[in-house]
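For reference, the structure is listed below as structure tokens.
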Amino acid sequence: MPFKPKILAETLMNPSIKDKYQPVIGLEVHAQLSTGSKIFASDSTEFGNMPNTNISVITLAHPGVLPKLNKKVVEYAIKMGIACGCEINRINFFDRKNYFYPDLPKGYQITQDKAPICKGGGFNVKTKEGEKFIQLNRIHMEDDAGKNLHLDGETDTLVDYNRAGVPLIEIVTEPDIRTSDEAAALLTEIRKLVRYLDICDGNMEEGSLRCDANVSVMLKGAKQYGKKVEVKNMNSIRNVQRAIEFEIERQIAEIEAGKEIVSESRQFDTVHFTTHSMRTKEELNDYRYFPEPDLQPLKISDEWLNSIKAAMPTLPQELVDKFVKEYGLPEYDAMVITDTKEIAFYFEELCKNTKNYKAASNWMMGPVKSYLNELTMSISQLTVSPKTLAELIAVVDSGKVSFAMAATKIFPELVKVDGRSALKIAEDLNLIQDSNSDSIRPIVEGVLAKYPEKVAEYKGGKKGILAMFMGEVMKATKGKADPKVATELLTEILES
């Protein structure tokens, strides 16, 4: 069900009002890079340490200290640019972006203004409306600020500088997004990609992936965009959708009431799903950008760039294409399995041990996924190896046990890793199914004799009753009847 903002509903109950306007949305996504040290200092970037312990004189901007660029940050930024189809800028400069917040110890941020490391590129995203290409404006490197802490009941603000200087890439889109669904789809793709590249853990709850949305509305057919509002403080993809939906409706309501939209930064309230004003939006000249004098220009050589390209991992879309073309999977299956790199790689290993690729896909999307979700585990914690799971698939394919029994009885035993094979567990639990039609036929005949009125309904055209008969046969045989044989016997007798 689509999200409905908690207020303004009475103003925009008439869909024709909202339909007069075209939303225009751009995203600014900040990804904290998974380097061991900060972008310009050797301080640790580990999350969760005691406040103000991941710091040094460079982080705290003591007089006379000088920054030194972390080479790994550049490599990670280039990886993201290659994956997004960007042009890699060979000559890079850093700039100072001046603003004064308590959590910014230098009084400025070191970023890239005129010469970002990556230009252009974009993402193909899929929504219920279809596929769309969303262009990127740039990807640039910069350092993060610290964190202000506002504790309930306290009048003072505390500052933790652990995050100050943590390396970021900022992924900036063009204003190509038109719906909250497109924004969510793009953010999902960005999170998936940074995880595949191993450059960011993508954890929005911990703030290692953060998103600001620039939202404006204009009348359909207008040639000039409306004034944009920047929405901050969204800690999940769902909240990005909620914030954008609310902001679209708020702006439309303001315009319909004859008011002007103020270009400002607004904070998203995660409790009430509304936004409120933080401050008037700064203009570019407010930041007084100028070249960073303490860092030399950075040159990306052909050799360095080629070595990074050679080390690129297989990307999600490449795996989707492979699973569809080589393994014959439906695109939906391939998309689900490639949602995380670990599951995709487990599946690839599984397919090295079985040729029943669709069964492998069904197991990954069914029992395996359910088990992992139930225990809040990752696939790396699963004790059943791809080879062992392939052996279980082979037992099912041989007709010795049903899929249902394999999933509900054998798989939970395999997880215990007691040395028994899937077939041995099936034998120990007396689960080997009966494929002998001579022994199953009397049971089928007994079930049909027990329900003459249902037999009459079947013969009268209610073919769906076959499932009820199958259920009774499986109950009578304690699940050991081969479903294929039982179905064939039921159909044969009922149609005779």
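Results, tabulated for the structure shown:
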{"quantity": "Segments 450-457, 203-210 sorted - mean Cβ within 10 Å per residue, highest first", "calculated": "203-210, 450-457"}
{"quantity": "Exceeding the 27 Å Cα-Cα cut-off - candidates 322/369; 126/325; 325/416", "calculated": "325/416"}
{"quantity": "The chain, helix-only ellipticity at 222 nm - DSSP H runs n ≥ 4, -39,500 (n - 2.57), divided by all residues, nearest 500", "calculated": "-10500 deg cm²/dmol"}
{"quantity": "Two-decimal Rg to Rh for the range 316-428 - Kirkwood Rh, Cα set", "calculated": "0.96"}
{"quantity": "Inter-probe distance in nm under a simple model that places probes 7 Å from Cα toward Cβ, at residue 438 and residue 203", "calculated": "6.3"}
{"quantity": "HN-Hα J in Hz across the range 255-263 - Karplus 6.51, -1.76, 1.60, θ = phi - 60°, x for Gly and Pro", "calculated": "5, 4, 8, x, 9, 8, 7, 8, 6"}
{"quantity": "Label-point separation in nm, residue 223 to residue 22, each point 7 Å along Cα→Cβ", "calculated": "1.2"}
{"quantity": "Globularity index of the chain, i.e. its alpha-carbon radius of gyration over 2.2 N^0.38 Å", "calculated": "1.26"}
{"quantity": "DSSP bridge pairs, the chain: antiparallel proportion in percent, nearest 5", "calculated": "95"}
{"quantity": "The chain, relative contact order in percent, only Cα pairs under 8 angstrom and at least six apart counted", "calculated": "14"}
{"quantity": "Residue 424-residue 278 pseudo-label distance in nm [points 7 Å out on the Cα-to-Cβ vector]", "calculated": "6.0"}
{"quantity": "For peptides 262-269, 428-435, sequence by mean Cβ density within 10 Å, most packed first", "calculated": "262-269, 428-435"}
{"quantity": "Integer Hz, Karplus 6.51/-1.76/1.60 couplings in order for the range 25-38, x for Gly and Pro", "calculated": "10, x, 10, 10, 10, 9, 10, 6, 7, 7, 8, x, 10, 6"}
{"quantity": "Among 469, 443, 456 the positive-end extreme of the charge dipole of the range 416-478 (Cβ point charges)", "calculated": "456"}
{"quantity": "Cysteines without a disulfide-compatible partner [the chain; Cβ-Cβ under 4.7 Å]", "calculated": "84, 200, 211, 351"}
{"quantity": "Extension reserve of the residue 47-residue 467 stretch, reckoned as 0.36 nm per residue once the Cα distance is removed", "calculated": "145.8 nm"}
{"quantity": "Protection proxy ranking of 243-253, 66-76 - average other beta-carbon atoms within 10 Å, highest first", "calculated": "243-253, 66-76"}
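Bear in mind these aren't lab numbers, they're just calculated from the coordinates by the rules spelled out. The structure displayed is predicted, hence computed values, not measured ones. No Cβ is skipped: glycine too gets one built from the backbone with ideal geometry, and neighbour counts run over all protein chains shown.
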